[in-house]
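Enquirer: Questions regarding the structure given below will be posed in turn.
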2 protein chains.
Amino acid sequence: MTDAPLTDLSRRSVLGAAGVAGLAALAVPATPADAQPLGRQGRLPKRVDVVVVGAGLAGLVATDGLARAGVDVLCVEARRRVGGRVLNHHLDGGGVIESGGAFIGPTQDRIAALAKRFGVRTFLEYNDGNSVYVSSTTGRMEYSGTVPPDPTILPDAATLLTRIDQMASEIDVSAPWAHPSARDWDAMSLGEFIRRNAVNSSGVGNLIKSWTQPGFGADPDELSLLYTLWYVACSGNEENVGTFSRNSDTADGAQERRFVKGSQTVPIRLARELGDHVALGAAVRTIEQRHGGVLVHTRRGTVRAKRVIVAAPPPLVLDIEWYPRLPTRRLQLMRHLDMGQLMKCDAVYKTPFWRDAGLNGFGVNDSGAARAVFDNSPASGDPGVLLAFVGGQTWRTYGPMSKDERREAVLAGFAAMFGDEALEPLDYVEHDWTKEQWTRGGPTAFHAPGTMVDFGPAIRTPFGRVHWAGTETATYWSGYMDGAVRSGERAAREVRATL
Amino acid sequence: MTDAPLTDLSRRSVLGAAGVAGLAALAVPATPADAQPLGRQGRLPKRVDVVVVGAGLAGLVATDGLARAGVDVLCVEARRRVGGRVLNHHLDGGGVIESGGAFIGPTQDRIAALAKRFGVRTFLEYNDGNSVYVSSTTGRMEYSGTVPPDPTILPDAATLLTRIDQMASEIDVSAPWAHPSARDWDAMSLGEFIRRNAVNSSGVGNLIKSWTQPGFGADPDELSLLYTLWYVACSGNEENVGTFSRNSDTADGAQERRFVKGSQTVPIRLARELGDHVALGAAVRTIEQRHGGVLVHTRRGTVRAKRVIVAAPPPLVLDIEWYPRLPTRRLQLMRHLDMGQLMKCDAVYKTPFWRDAGLNGFGVNDSGAARAVFDNSPASGDPGVLLAFVGGQTWRTYGPMSKDERREAVLAGFAAMFGDEALEPLDYVEHDWTKEQWTRGGPTAFHAPGTMVDFGPAIRTPFGRVHWAGTETATYWSGYMDGAVRSGERAAREVRATL
C-alpha cells in the first residue's frame, strides 16, 4: 500500500453531464440563508487532527465540540447543504415549514441549548381546542388528551400504555440489552405484544400505527418490543424517565414546540460559525486505517487524520469502502438497523381554518393516507398548513402512487378531519425521505425483532480510530434532533480523551 | 452524458499492494479443476446482446440458456472463481467437501438435470442408523425420523408441523402475498406463531432453531411467518407441494444426496463449457440505462448490452451504482431481504467412527455451538467428516470468537453426540459466509416480519431493461441450488422473449 493519491475521485463522474445536472439540482440552496456559499472553498487540507463525516446535527455538534477545544477538525459532508434529516422548506407565499425533523419538547435540553446559543427561538405548537379522531367503524369524534376515547379501543390502549411505561421504566437507556427480560422482549415485535395484551388487538394495534408510522416510519410488527421500550425510555433526560405520552404528545411532549425560522436554521447557523471547519460536496468513498492514522478519501480529495467520527445513517456507513473491513459486529449492526419509510405531506391554506372550528389541527385516522396529522402552520399562523406523516405501511401504499393521486388521498384525509375546506389548498408540498440518497429513509433506523440484543451492544464501540455519532447512537432522545446533538457531544468528548 | 470510458476502474485500487495481495488470495483456485484459467482472458467485448451479472449457478444457467439460443451473452463475475454460494473445499488429506451449498433432494429437478448433463454424480447422504438428540434438560437420546421423541416437545412439534404444512399447502408459490391471510401471517414472526400454538413453546421453539439456523441463518423471531410458510411451500415442484419434512429431512428430503466431486463441480463445468461467455474478476460498479440500452461498467471495462440479468444477492445489488436509480420498491425490497448469518464448521477424522456405533451422523442439540450436525464425509467415507451449521443466534455467539475457541465449542458439541473420539480430529475447517465480500451471508436472504406483503411483489419485476435472477427470485426451492438454476432458466426465457 502506498500514499498514492486517491484514484477513484471521479467515481460518480460516469454519470457525465446528467450527473452534473443532478448535482446542480442538489446544490439548489434549501433556504435563502444557504444562498451564500457555506463552508470551506477550494482544496481540503491534507492533514487534520480529526475528520467528522456528515454535517447533520450530530456531525456539526461533534465538530463544534472539537473546534472549541482547539482541535484541528474538518467536517466533510456529501450534500451541498447541512442539516441531514433536518431540512427547511420555504413556502412559495412566504413562511418556512420543515420537510424533516421539526419538533422540540421538554427534556430535549441539548437541542434547546444549541438553538438558544444561536438565537433560534421556538414557539408552542398550536394546541388550543380539540383533536380529531376518524374511525372507519365508529366515525369521526373530537377529543382531548393522548388517546381518542373510542370505547372499543380505550380500555386496551390504557392498559398497553401503562404496561409500556412500566416496562420502559426498567430499561437502562445505555444498555437495554442488559435487562433480565431483554432477550424475550427483543424476540417479540411490538405487534405481538399488542396481540398478547389487548382484547381488541386489531383496533388498538391500528391506533398505535398512528404513533409508529410517524415515529419510526414503520409498523408495530416490524419493531422489536425491546427496541420500542428503549425508545420510550430514551424520551427523557438524566432526571426524567421517558414515557409514552412524553414521546407522543404535543402538550408537555416531544411535539410541544417548533422553531420560529424552521429547525434547519440551527445547523445552518452552527455551520456558518464553523466556517472552514465544514466542507460540502465531499462525499466519503473510502476510510483507510493504517500506520496509526486514518485516511479519509472524499470526492474533494483525501484527508489524513488521527481520529474520525462517522455521523451518518447506517445505510451510508455500509456504502463507505472500509479498509480494513468493518468488524463483523459493526457490519451486522449497521445491516440490522433498518431506516424507516416516511414522507411528510403538507397542504397550505390561506388561514388555519380549523382553529376557528375549535380544533387544534391534530388528528388521527385509522385508515387512509393521513393517519397522523399536525398543524404545521408557521408561528404567525399565516398561512395555515396541515401536515400528514405518511409512514410505514401507509407509505408503502401511498408512496408509490403519483403525486397527484397521493395529493388527493392526503387532502381527503384532511377533509375527513377538518371539513371540505381542506380539499382546496393553495399549495401542496411533500418530501419522501426514502428517496434521499444521503439519508435513505426516516425518521430513524430501528431494530426488527431478534436483532437488538445481539447486535445493539456494538452501537458506540469505536472501530480502531473511528468513533460513531448520529441520533441512533444516543441514549436520550434517540431518533430526535436532541439525540443527534447529544451523540455529537459524546463523540467529541470521546475523541478529545484520545488526543 | 457521454460514452467516455469508465473513469472509476481503479475504485478498489486505493487498497494498493495490500489490495492486490487480497485479490491474489481470492484468486487461489478453489479446486484443482480451477487451476487452468477459467473464462475470457484479455479485453471484454464492447457490445453484446445481454450481460449477466454474477457467475453463481443462477447467472451461469441464465448465460447458458441465452448462449444456447444463439444470443451474444457475457457473464461478468466479481470473484476469480464461479459458483457463488457453492464452493468446494479440498481436504488436505484428499477428498472434497463443500463450504457452501451441498445437498440435493427429490423434486430438485433442475439442479439434478444440470448435474446429469455434466456427468456430476450424486450419492446418498449417509443415513443408516439413528440420529442423536442432545437436550440440556433431558439429556442425550438416539432416535429416527423427523422430530426427536422428547416427550416435553414432541406433542407441540407434531401439532406445529402439521399446521405449518397445512398453511403452506394454501400458498401460491409465485404470489404468497395473495393469500387471504397474507397480511396477518406476514405481521407475525415464526416465533410468535410458535408461542401462540405450542404448550411448551420455549422447548419446541428452541428445537425449531435447529432447522432455521442452518436453513435461513436466522432464528424464528427474525422470520416472517408468511415467508417461512412460502419457503416450505417452495420445497417442491409443479407436481409436488412442499412440506416441512421434504424441506428438513435427509430421507426423501432436501438433504437426501450430495455430489460425488462436490457441488461446485457443476458450476465449474458449466463455466468451462461457456468459455468466453464468462469473465472473472469483473466486479460491476455501475449500471446505466439510457438510449435504449444498458451500459455495464465493470472492473475490466464497460460493456454495452440490450438487456441485463442481475443474478447477485440483494446486498450486492444495493452496492451497484444505478443510473437511473433503482425504483423505490426494488430498493426497499433489496433492503428488506436480510442475508442470514451462517458458517459451516467441519471436523475431519480418519474414519466416520459414529457409523460403527449405529449412528448416521445427524444430530440436533438444544444448546452449544453445534445445534445441527450432519455427516459430511465424502462418498467414499474416507475421511470421516462431521459438519456443524453455526447460524443465526448461534453464529452471533460463536462467530465472533477466535477460531480456537470456536473449534473447541464445536468439537465439544460433536462429542456430546458421538463421544470423546470427536474431540481429536485430524483437521478442522470452517467457512463464515458473513465475511464473504461477494455474498455477505447465507444461505439465503429472508423477510423479517411485516415486509413481504408490501415489498415481495417486486421480486421478479424487471427494471427497464434489467431482469432479476438468483435463488431468492425462485418459486420452487428458493434458497437452494435448485432454486438458483430455476431462476436462471426463467430469467433467460424472460430476456429471450424481448430480443
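Every number here is computed from the coordinates shown, using simple stated rules; none is lab data. What you see is a predicted model, and the numbers here were worked out from it, not measured in a lab. Every residue, glycine among them, receives a Cβ derived from its backbone with ideal geometry; neighbour counts consider all protein chains shown.
Enquirer: Calculate one ³J(HN,Hα) per residue across region B:335-351 by plugging θ = phi - 60° into the Karplus curve 6.51 cos²θ - 1.76 cosθ + 1.60, and present them in order as whole Hz with x for glycine and proline.
Expert: 6, 9, 9, 8, 6, x, 10, 8, 10, 10, 10, 10, 10, 10, 10, 4, 9
Enquirer: Ranking A:Arg290, A:Arg490 by Cβ neighbours within 10 Å, fewest first, what do you get? Mind showing how you got there, number by number?
Expert: Working: A:Arg290 13, A:Arg490 21.
Ordered by Cβ neighbours within 10 Å, fewest first: A:Arg290, A:Arg490.
Enquirer: Moving on. Considering the Cα trace of the protein assembly as shown, what is its radius of gyration and what is Dmax, both in angstroms?
Expert: Every Cα atom of the protein assembly as shown included, Rg and Dmax give 28.5, 88 Å.
Enquirer: When a/c reaches 1.5 or more, the comparison of a/b and b/c decides; with that in mind, is region A:277-358 rounded, prolate or oblate per its Cα gyration tensor? The partial results should precede the final answer.
Expert: On the way: a/c = 4.11, a/b = 2.24, b/c = 1.84.
It comes out prolate by the Cα gyration axes.
Enquirer: Please list, in chain and number order, the residues 5+ apart from B:Ser377 or on another chain whose amide H is under 5 Å from its amide H, with Hs placed from the backbone.
Expert: The list, which skips near neighbours in sequence, is B:Val385.
Enquirer: Give the relative contact order (percent, whole number) for chain A; include only Cα pairs under 8 Å separated by 6+ residues.
Expert: Details: 1115 pairs, mean separation 118.5, N = 499.
Relative contact order comes out at 24 percent.
Enquirer: Using just the alpha carbons, could you tell me how many Å³ per residue the convex hull of region A:368-410 encloses? Can you show the working numbers first?
Expert: Numbers: hull volume 2.9 nm³, N = 43.
Measuring per residue, one finds 68 Å³ for the Cα hull of region A:368-410.
Enquirer: How far, in degrees from 0 to 90, does helix A:403-418 lean away from the longest principal axis of the Cα atoms of chain A, to the nearest 10?
Expert: Roughly 50 degrees between the two axes.
Enquirer: Report the rotationally averaged projected area of chain B based on its alpha-carbon convex hull, in square nanometres.
Expert: For chain B, the mean projected area of the Cα convex hull comes to 22.1 nm².
Enquirer: Distance in nm between label sites at B:Ser136 and A:Glu239, each 7 Å beyond Cα in the beta-carbon direction?
Expert: Using points 7 Å along Cα→Cβ, the separation is 4.4 nm.
Enquirer: Mind checking which lysines have their C-alpha under 23 Å from B:Lys46, skipping anything on the same chain fewer than 8 residues away?
Expert: Cross-link targets: B:Lys306.
Enquirer: If you place +1 on the Cβ of every Lys and Arg, -1 on the Cβ of every Asp and Glu, and leave all else neutral, what size is the dipole of the protein assembly as shown about its Cα centre, to the nearest 20 Debye?
Expert: Numbers: 108 positive and 110 negative charges, 868 e Å.
Taking the Cα centre of the protein assembly as shown as origin, the dipole is about 4180 debye.
Enquirer: Across region B:134-233, what fraction of all alpha-carbon pairs, as a whole percent, falls in each successive 10 Å bin from zero upward?
Expert: For region B:134-233, the pair-distance distribution reads 15, 47, 29, 7, 1.
Enquirer: Next question, about the same structure. What do you get when you divide the Cα radius of gyration of region B:61-128 by 2.2 N^0.38 Å, with N the number of residues? Display every interim value, and only then the final one.
Expert: Numbers: Rg = 15.1 Å, N = 68, 2.2 N^0.38 = 10.9 Å.
In units of the 2.2 N^0.38 Å rule of thumb, it is 1.38.
Enquirer: Follow-up question, since we're still on this one. Using only Cα atoms and rounding to the nearest 10 degrees, what angle (0 to 90) does helix B:201-216 make with the longest principal axis of chain B?
Expert: The angle comes out near 40 degrees.
Enquirer: Around A:Gly488, under 13 Å between beta carbons, what's the net of Lys plus Arg minus Asp minus Glu among the other residues?
Expert: Values: positive: A:Arg68, A:Arg110, A:Arg460, A:Arg486, A:Arg490, A:Arg493, A:Arg496; negative: A:Asp64, A:Glu472, A:Asp482, A:Glu489, A:Glu494.
Here the charged neighbours net out to +2.
Enquirer: When Rg is the radius of gyration of the Cα atoms in region A:96-137 and Rh is its Kirkwood radius, what does Rg/Rh come to?
Expert: Working: Rg = 14.9 Å, Rh = 13.2 Å.
Ratio value, two decimals: 1.13.
Enquirer: Viscosity 1.306 mPa s, temperature 10 °C: Stokes-Einstein D of region B:430-485 from its Kirkwood Cα radius, in µm² per second?
Expert: Values: Rh = 12.8 Å.
The diffusion coefficient I find is 124 µm²/s.
Enquirer: On C-alpha positions alone, give me the angle between the axis of helix A:265-274 and the longest principal axis of chain A, in degrees, nearest 10.
Expert: In chain A, helix A:265-274 runs at an angle near 10 degrees to the longest axis.
Enquirer: While we're looking at this one, here's another question. Which ³J(HN,Hα) values, rounded to whole Hz and listed in residue order, are derived for region A:484-493 from phi using the Karplus coefficients 6.51, -1.76 and 1.60 in 6.51 cos²θ - 1.76 cosθ + 1.60 with θ = phi - 60°, glycine and proline given as x?
Expert: 4, 4, 4, 5, x, 5, 5, 5, 5, 4
Enquirer: If you don't mind, there's one more thing I want to ask. Can you list residues from other chains, or at least 5 along the same chain, whose modelled amide H is less than 5 Å from the amide H of A:Leu223?
Expert: Under 5 Å from the amide H of A:Leu223 lie the amide H atoms of A:Leu190, A:Gly191, each far enough along the sequence or on another chain.
Enquirer: Over all distinct Cα pairs, what is the inverse of the mean 1/r for region A:128-178, reported as the Kirkwood hydrodynamic radius in Å?
Expert: 13.2 Å
Enquirer: Continuing with the same structure: For A:Lys261, list the lysines whose Cα falls under 20 Å from its own Cα; do not include residues on the same chain fewer than 8 positions away.
Expert: A:Lys116, A:Lys344, A:Lys350
Enquirer: Could you give the distance between the Cα centres of region B:177-248 and region A:268-300, to the whole Å?
Expert: 46 Å
Enquirer: Something else: Could you compute Rg(Cα) / (2.2 N^0.38 Å) for region A:307-414, with N its residue count?
Expert: Values: Rg = 19.5 Å, N = 108, 2.2 N^0.38 = 13.0 Å.
So the Cα radius of gyration is 1.49 times the expected 2.2 N^0.38 Å.
Enquirer: Give me, ordered by chain and number, the residues 5 or more places off B:Arg285 or on other chains with an amide H under 5 Å from its own placed amide H.
Expert: The list, which skips near neighbours in sequence, is B:His297, B:Thr298, B:Arg299.
Enquirer: Of A:Glu142, B:Glu222, B:Glu170, A:Glu98, how do they rank once you tally other Cβ atoms within 10 Å and put the fewest first?
Expert: Values: A:Glu142 17, B:Glu222 28, B:Glu170 13, A:Glu98 22.
Arranged by neighbour count, lowest to highest, A:Glu142, B:Glu222, B:Glu170, A:Glu98 become B:Glu170, A:Glu142, A:Glu98, B:Glu222.
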